Amino acid sequence: MTPFVEIRNLSKRYAPKNGKGEGTLAVKNLSLSIQKGEIFSLLGPNGAGKTTTINIMSGLLAPSEGDVIIGGYSVTKNPLAVKRLIGVVPQEIALYPELSARANLEFFGKLQGLGGKELAKRCDEVLEFIGLRERQRERVETFSGGMKRRVNIGVGLLHKPTLVFMDEPTVGVDPQSRRSILDAVKLLNRQGMTVLYTTHYMEEAEELSHRVGIMDRGELIACGKQIELIQQTEVRDAIVLKLPPERMAQAQGALEHLPLISAAVLEGEHGERLRLLSERGRAALPHIIHALDEIGLIPDAIQIVEPNLEAVFLQLTGRALRD
C-alpha cells in the first residue's frame, strides 16, 4: 500500500545567529511514512525537531535537503496542492479574541477559499462538532482555555482536510476539555481522517496512536506500533517513587547507579516523582529500599509499572518528555 505521507531524507539546518559556523541542524536525514487513515504520534523531548518537521510538512519552512510527499504531491514542488489536503491545529491559540467563535471561523474559512452557503454550512457543522453551537456568537476572549482550543481545532477542520496536524492540542486545558478533544480526534479518525499528533502527555499517545515515532536531536530513533517498541527495548518494569521534594535529588543520586537500575528520572511539574527503569523491577525493589534506608529516607509511595510507552521513551532518550 502506498503511504499517504512520505518524508524522504529530510534535513533542516538553521543559519548561525552570528553568521559564523555551520548553524543548527534541527532535523537530520529524517525518513518515515504515514498510512491514510492512521493516527501517528510524533514524540520527542523539547528541541527534538518535531515542530520543525511539522512546519516543513505544512509549507511554513523550506527544507535544507529532502522532501515530503503528501497525497502524491511534493511540499517543495506543489505546495498549493498540499495545502488543500492538510489542516493545521497549532500549539499556540491562533484566533482573534475580540471576535466571536463564528466570526473567527468565517474569517479563516474565507482565507481557505470558502464562501457563501458553503462557508455557512461548514461553520454550522464545525460548531456542532466542537460543541460550541450554543455559544457561537460570544467573543472568544470570554472563553475558557479549553473552549479556545476547540475553536482552534475547528479552524483547522473547516475545509475538510484529508490530513490534520495537531501540535499539542490539549496543552493547558481542563480535564473535561481534554477528554472532549481526545474524543474528537478519535471521531475524526473513524470518519477517515489521517492525523499527525504531537503531545507532551504520554498517555494521550498511548490511547490514540496506531503507530508512534520517537525523535531525539533531530533524528528518528524509533518507529512502530507500541507493542513493537516495547519489545525492541530492554526495559521491562518501572518503579515510581513518591518522596519529599527537597530530598528528591539526593534519592536520585543514591539510586541511579544500583546494579539493576538502568535510569532514574525526575517526573512531574515540580519533580515530585522519581521513576526508576529496570529489567527486573521486583528483584530491584529490596536494593532500592536498602539504599533509601542508608540515607534515612522512607518513600511516601512505591508503584511498580508494567512496560509502557513512557518506559520506552525514557530508555531510548534518557530524558523525560518535557526535557
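Readers should treat all values here as calculations from the given coordinates under stated rules, not as data from a laboratory. Just so it is clear, the structure is predicted and the values come from calculations on it, not from any experiment. Methodologically, a virtual Cβ is constructed for each residue, glycine included, from the backbone with ideal geometry; neighbour enumeration extends over all protein chains shown.
Restriction of the trypsin sites (Lys or Arg not before Pro) in segment 257-291 to DSSP coil positions whose beta-carbon has at most 16 other beta-carbons within 10 angstrom yields R280. Computed 3J(HN,Hα) for segment 311-316, one whole-Hz value per residue from the Karplus formula 6.51 cos²θ - 1.76 cosθ + 1.60 where θ = phi - 60°, is 4, 4, 4, 5, 5, 7, glycine and proline marked x.
With the simple spin-label model, which puts each label point 7 Å out from Cα in the Cβ direction, the R190 to N29 separation comes to 4.3 nm. So, counting K/R as plus one and D/E as minus one, what does the shell of residues with Cβ under 12 Å around L127 add up to? Combined, the nearby Lys, Arg, Asp and Glu give +1. Placing unit charges on each Cβ (+1 for Lys and Arg, -1 for Asp and Glu) gives segment 5-230 a dipole about its Cα centre, and among I86, T52, I153 the Cα reaching farthest toward its positive end belongs to I86. Ratio of Rg to Rh for segment 5-230: 0.98 [Cα atoms; Kirkwood radius as inverse mean 1/r over pairs]. Ranking Q112, T198, G281 by how far each Cα lies toward the positive end of the dipole of the chain (charges on Cβ) leaves Q112 at the top.
Under a 5 Å amide H cut-off, with hydrogens placed 1.01 Å from N, Q91 pairs with D167 among residues at least 5 apart or on other chains. Computed from the C-beta positions of I295 and E272 and an R0 of 25 Å, the FRET efficiency is 0.85 to the nearest 0.05.
Between helix 281-294 and the chain, what is the angle of the helix's C-alpha long axis to the longest principal axis, kept within 0 to 90° and rounded to the nearest 10? Once rounded, the angle reads 60 degrees. Fully extending the segment from R179 to F129 would add 16.6 nm, taking 0.36 nm per residue of separation and subtracting the current Cα-Cα distance.
Please give the helix 145-157 orientation as an angle from the longest Cα principal axis of the chain, in degrees from 0 to 90, rounded to the nearest 10. The angle comes out at about 50 degrees.
With the charge dipole of segment 5-230 set up from +1 on Lys and Arg Cβ and -1 on Asp and Glu Cβ about the Cα centre, the Cα lying farthest toward the positive end among the listed residues V75, G224, I214 is that of V75.
Per residue, the convex hull spanned by the Cα atoms of segment 213-323 amounts to 97 cubic angstrom. This model, with +1 at the C-beta of Lys and Arg and -1 at the C-beta of Asp and Glu, gives segment 189-285 a dipole about its Cα centre of some 220 debye. Among the trypsin sites (Lys or Arg not before Pro) in segment 23-76, those located in a DSSP loop and surrounded by at most 15 other Cβ atoms within 10 Å of their own Cβ are K36. For segment 46-123 versus segment 133-156, the spacing of their alpha-carbon centroids is 18 Å. Annotation: aspartates and glutamates with alpha-carbon distance below 18 angstrom to K77 (same-chain offsets under eight excluded): E6, E65, D67. Within the shell defined by Cβ-Cβ distances under 12 Å, the residues around L30 carry a net charge of 0, with Lys and Arg each +1 and Asp and Glu each -1.
This ranking places D124, D237 by how few other beta-carbon atoms lie within 10 Å of each, fewest first, which gives D124, D237.
Using C-alpha pairs under 8 Å with a sequence gap of at least 6, the mean separation divided by the residue count of segment 5-230 gives a relative contact order of 28 percent. One chain, two ends: E118 and V240. Fully extended at 0.36 nm per residue, the span grows by 38.6 nm beyond their Cα-Cα distance.
Normalised by the number of residues in segment 209-323, the mean separation of alpha-carbon contacts (under 8 Å, six or more apart) gives a relative contact order of 32 percent. Highest average first, the peptides 98-105, 7-14 ordered by how many other beta carbon atoms sit within 10 Å of their residues are 98-105, 7-14.
The charge dipole of segment 236-306, taken about its Cα centre with unit charges on the Cβ atoms of Lys, Arg (+1), Asp and Glu (-1) only, comes to about 180 debye. Taking other residues whose beta carbon is less than 11 angstrom from the beta carbon of A254, and scoring Lys, Arg as +1 and Asp, Glu as -1, yields -2.
Distance between Cα centroids, segment 233-294 to segment 175-227: provide it in whole Å. Between the Cα centre of segment 233-294 and that of segment 175-227, the gap is 28 Å.
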